[in-house]
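A quick write-up on the structure given underneath.
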Amino acid sequence: MRYATDLDWAEKISGLMNKMLAYNSADYTNATVLPESNTPPPTPGRDIPNSTLVVYPDNIIGNTTGSVNLRTGPSTSDSIITTLSANTNITVLGYQNGWYKVSVNGTVGWISANYVNVNNLLQVQNIQSGGKLNIRSTPGGTIIGNLDNGTYLRAVLDSTNNYVKDSTGLWYQVYVPSSNTMAWVGIGSENYIAEIGRN
């Protein structure tokens, strides 16, 4: 049915209303009455998906890509702590639902991921179930440990904040998890290393 552009709109609405039946208690003789509940309704909250904070390794760094608000939580409903200018240096602590948890000069808050460039975060990916990615002392060298699929790694950067790779470009230099020991991981045939959050 059309509305304001229909010349017969009022007549059609009147016809529909005439077809509506008046209340008749007999129609509800066999109706089931729902039991009362003492459970209070849920407390209204922010309409955001429930997700868990993904904690990153220590010393993951980045910068803001534009003017952005630093907030008390991962939502535009949370209070603004301050507004950061573009190219502000940050330490990236973790990620949740499109937001980075960051530290800026000792102040911890949240920034939309749309305004963050992460400089030195890698992640192990595409490892088959039960498999591991070897971490080596040199590219293709001695195995000094192994990594599960999904493991986050702090990459070694050069003086211009680019990833340190070997001459083939197939090996990344990284820090062994929970240490300052440097080692190497290979991309391999299945692209085992992903660069995270880098624009």
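The values are calculated or read from the model by the stated rules, or taken from the named source; none is laboratory data. Owing to the predicted nature of the structure, the values given are computational and were not obtained by experimental measurement. Virtual Cβ from ideal backbone geometry, glycine too; neighbours counted across all protein chains shown.
Could you tell me which residue of segment 160-171 is nearest to the chain's Cα centre (by Cα), considering only residues that are among the hydroxyl-bearing types (Ser, Thr, Tyr) and under 20 Å from ASN199 (Cβ atoms)?
So in segment 160-171, the residues among the hydroxyl-bearing types (Ser, Thr, Tyr) come out as 160, 163, 167-168.
Restricting the remaining residues to those that are under 20 Å from ASN199 (Cβ atoms) gives 160, 163.
Details: THR160: 27, TYR163: 23 Å.
So the residue we want is TYR163.
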Flag if ASN117 is at pLDDT below 95, within 17 Å of ILE60 (Cβ to Cβ) and in contact with a Ser or Thr (Cβ under 7 Å, 6 or more places away or on another chain): no
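Those residues that are touching a Leu at 6+ places or on another chain (Cβ under 8 Å) and surrounded by fewer than 21 Cβ atoms within 10 Å (Cβ to Cβ), I need them from segment 105-118; list them, please. Show your work before the answer.
Within segment 105-118, the first condition is being touching a Leu at 6+ places or on another chain (Cβ under 8 Å), and the residues that meet it are 107-111.
Passing the criteria: THR107, VAL108.
Name the residue that is nearest to the chain's Cα centre (by Cα), counting only residues in segment 172-195 that are surrounded by fewer than 18 Cβ atoms within 10 Å (Cβ to Cβ) and under 16 Å from ILE61 (Cβ atoms).
Pass one, segment 172-195, residues surrounded by fewer than 18 Cβ atoms within 10 Å (Cβ to Cβ): 176-182, 187-191, 194-195.
With under 16 Å from ILE61 (Cβ atoms) added as a condition, the list becomes 180, 195.
Working: ASN180: 27, GLU195: 15 Å.
Restricting to residues being surrounded by fewer than 18 Cβ atoms within 10 Å (Cβ to Cβ) and under 16 Å from ILE61 (Cβ atoms), the top hit is GLU195.
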So VAL102, is it in the same structural domain as ASN59 (by TED's automatic domain parsing), surrounded by fewer than 16 Cβ atoms within 10 Å (Cβ to Cβ) and either within 24 Å of the chain's Cα centre (by Cα) or in a loop (DSSP other than H, G, I, E, B) (or both): no
